[in-house]
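These notes are about the structure you will find just below.
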Amino acid sequence: MRRKSFSIVYMKNSFKIGHLVEDNCQSQHAPKAAHPENKAEQLAARDTYRFRTAVSKMKGSGLVKYYELQSTRAKLVFYGDYSTCKRYVPHTSLTREHFQHYFGSEDLICEFLLDTSIYLFKELHFLNEIQLDIPSHGKLYSVELTRQEMDHYMNCELTEMKDGHHHRFFYIYRDQELDQFTNQFVKVKRIRRKKL
């Protein structure tokens, strides 16, 4: 007989339902104790896997030129224009319209930076700092944020917003809130073209 078990937890004035798990999938044995020297390596490997998974699932993941994770700091650099993206990733399914949807104007770029910052801090509890760079229209738009700054800006702890994969949380903001984020965190500087 297959039974499914789940847990209900009362948190902050509401009930939350945990993961459904089939009883025959649960191990009856206690987990083996890891060697202390291997535990740090296992945690680092797990965090790296989670980081790669989160980047692959985020909105606009096909526009990522490269990314890196150093302990608790992540850096993502995006393609600045569609032709460069198409040249380096010829098999991409993204069209010019997709690219314009994300990076067509300065407001869209700032909105993308805000959305991506919230997503990464919500999904990856181990991240303490992120840097996002988008070169576009002769300018470099960049954000360098710590988790503390983002939690203070959002007036909540983003790690509490993640509850398995069963719940979706939406952040709805007005133009003035986007302007506030842009003024406070987004740095814009001109990119000088190299002379040949």
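Holding the Cα-Cα limit at 22 Å, pick out from Lys75/Lys189; Lys39/Lys122; Lys39/Lys59 the pairs that are longer than that.
Details: Lys75/Lys189 18 Å; Lys39/Lys122 24 Å; Lys39/Lys59 32 Å.
Violating the 22 Å limit, Cα to Cα: Lys39/Lys122; Lys39/Lys59.
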Among bridges DSSP assigns within the range 70-191, what percent are antiparallel (round to 5)?
75 percent
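I want the local charge near His101. Using Cβ-Cβ distances under 15 Å, sum +1 for each Lys or Arg and -1 for each Asp or Glu among the other residues. The partial results should precede the final answer.
Numbers: positive: Lys59, Arg96; negative: Asp81, Glu97, Glu106, Asp107, Glu111, Asp115.
With Lys, Arg at +1 and Asp, Glu at -1, the net is -4.
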Order of exposure, largest accessible area first, which applies to Ser56, Ser136, Ser93 with probe 1.4 Å:
Ser93, Ser56, Ser136
Ignoring ligands, DNA and RNA, how do Val77, Val188 rank by accessible area with a 1.4 Å probe, largest first?
Val188, Val77
Sites Arg96 and Ser56, calculated FRET efficiency, Cβ-Cβ separation with R0 25 Å, nearest 0.05:
0.65
Which distance in nm do the two modelled labels at His152 and Ser83 give, with both placed 7 Å along the Cα-to-Cβ direction?
4.3 nm
Lys/Arg Cβ at +1, Asp/Glu Cβ at -1, dipole of the range 70-191 taken about the Cα centre: which of Ser93, Tyr119, Gln184 is farthest positive-ward?
Ser93
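The values are calculated or read from the model by the stated rules, or taken from the named source; none is laboratory data. Keep in mind the model is a prediction, meaning the values are calculated, not measured. Note that each Cβ is placed from the backbone with ideal geometry, even for glycine, and that neighbours are counted across all protein chains shown. These area figures cover heavy atoms from the full protein model, side chains too; ligands, DNA and RNA do not enter into them. Shrake-Rupley method; radii C 1.70, N 1.55, O 1.52, S 1.80 Å.
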